[in-house]
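One structure is given below, encoded as structure tokens.
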Amino acid sequence: MSWIESIQKAINYMEDHLLEDITIEQIAQEVNSSVFHFQRTFAILTDMSIADYLRRRRLTLAAQELLGTEQKIIDLAYKYGYETPEAFTKAFRKQHHVTPSEARKKQGPLQSYNRLVIQVSLKGAEPMKYKIIEKDKFQIVGVKRTYNCQNGENTTEIPLFWQEVNQSGFDHQLYQLNNGTVNGVLGVCVPNTEQGQKGFIDYWIATDHVGEVGEDLLTMEVPASKWVIFEVHGPMPDAMQNTWKQIYSEWFPSNPYEPAGTAELEVYPEEDAYSPDSYSEIWIPIK
């Protein structure tokens, strides 16, 4: 099953169980995927977290019932997974910009999120430049933080993490420590393997370093892997985000490889990342 088919099967499963308290573990299991890789792929292809999708769809259906039935608002709140009418009203107003009572009185338009259908993007005009290499294990040094991917925390907090590192000048320290074969500062996404932390990732800002480091830095060994390395041309963050989406919507469906599910890298050489001529890379371990 291709990743596109897997994501569509997962969407179908979520739609069939919208009124149930389903977990990301159950959804990933349905398509024989790790939680880490499923949530990451889903977010790249859809620009939203799984929690966002479930919430938006439930509130869309709740709005339809408000207009089309005489169901009590309190009953709809419980039906769509809210413990109190107040919590339901708060979430409803955030999505639709009106309260449930106002929606029933038709006081303003509603915001509908339709069921997703994932399709392969066929674009022959934009070739992707990549290479496949075998690389032995190597050490990265830097700092890390743990994020919850089930609620989309990673998408909002990781850019702030980078902003903090850049403003403090810590990125320059990492460039100075970069004496390994991977050239640049790295954004490294790794599944968190701690007990009870399914759906969480460790995100590192680090560099490839050979040798000892001070106590203020953490280290991690990236395992030996076969890597596919994609060139990224253009200013951040759009160029990087567009390439990730192209990889999963075009490259993987057209090639006989699968992501290995271990550490994935974004590689930023020491140059102006916001320049139109900026160059960076995406490294994905494959099997």
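The values are calculated or read from the model by the stated rules, or taken from the named source; none is laboratory data. In this text, all values refer to a predicted model and were calculated from it rather than measured experimentally. Note: ideal-geometry Cβ built from the backbone for every residue, glycine included; neighbour counts use all protein chains shown. In case anyone asks, the SASA skips ligands and DNA or RNA and just uses the protein heavy atoms, side chains included. Shrake-Rupley method; radii C 1.70, N 1.55, O 1.52, S 1.80 Å.
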Look at ASN166 and say whether it is surrounded by 13 or more Cβ atoms within 10 Å (Cβ to Cβ), at pLDDT below 95 and within 20 Å of ALA263 (Cα to Cα). no
Among the numbered criteria (1) more than 21 Å from the chain's Cα centre (by Cα); (2) of a type outside the set (Ser, Thr, Tyr); (3) surrounded by 17 or more Cβ atoms within 10 Å (Cβ to Cβ), which one does PHE161 miss? (1)
Among the residues that make up the range 106-115, is at least one of them at pLDDT 90 or above, open to solvent by less than 70 Å² (accessible area, probe 1.4 Å) and touching a His at 6+ places or on another chain (Cβ under 6 Å)? yes
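Assess whether TYR53 counts as being surrounded by 19 or more Cβ atoms within 10 Å (Cβ to Cβ) and of a type in the set (Phe, Trp, Tyr). Steps first, please.
Details: surrounded by 19 or more Cβ atoms within 10 Å (Cβ to Cβ): yes; of a type in the set (Phe, Trp, Tyr): yes.
Answer is yes for this residue.
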Among strands (runs of 3 or more DSSP E) lying entirely in the range 181-287, which contain 2 or more residues that are crowded, with 19+ Cβ neighbours inside 10 Å and at negative phi? 185-191, 200-208, 225-233, 264-268, 279-286
Every pair of residues 6+ apart whose Cβ atoms lie under 9 Å, when the first sits in the range 146-170 and is within 20 Å of MET240 (Cβ to Cβ) while the second is in a helix (DSSP H, G or I) and of a type in the set (Lys, Arg): CYS149/ARG40; ASN154/ARG40
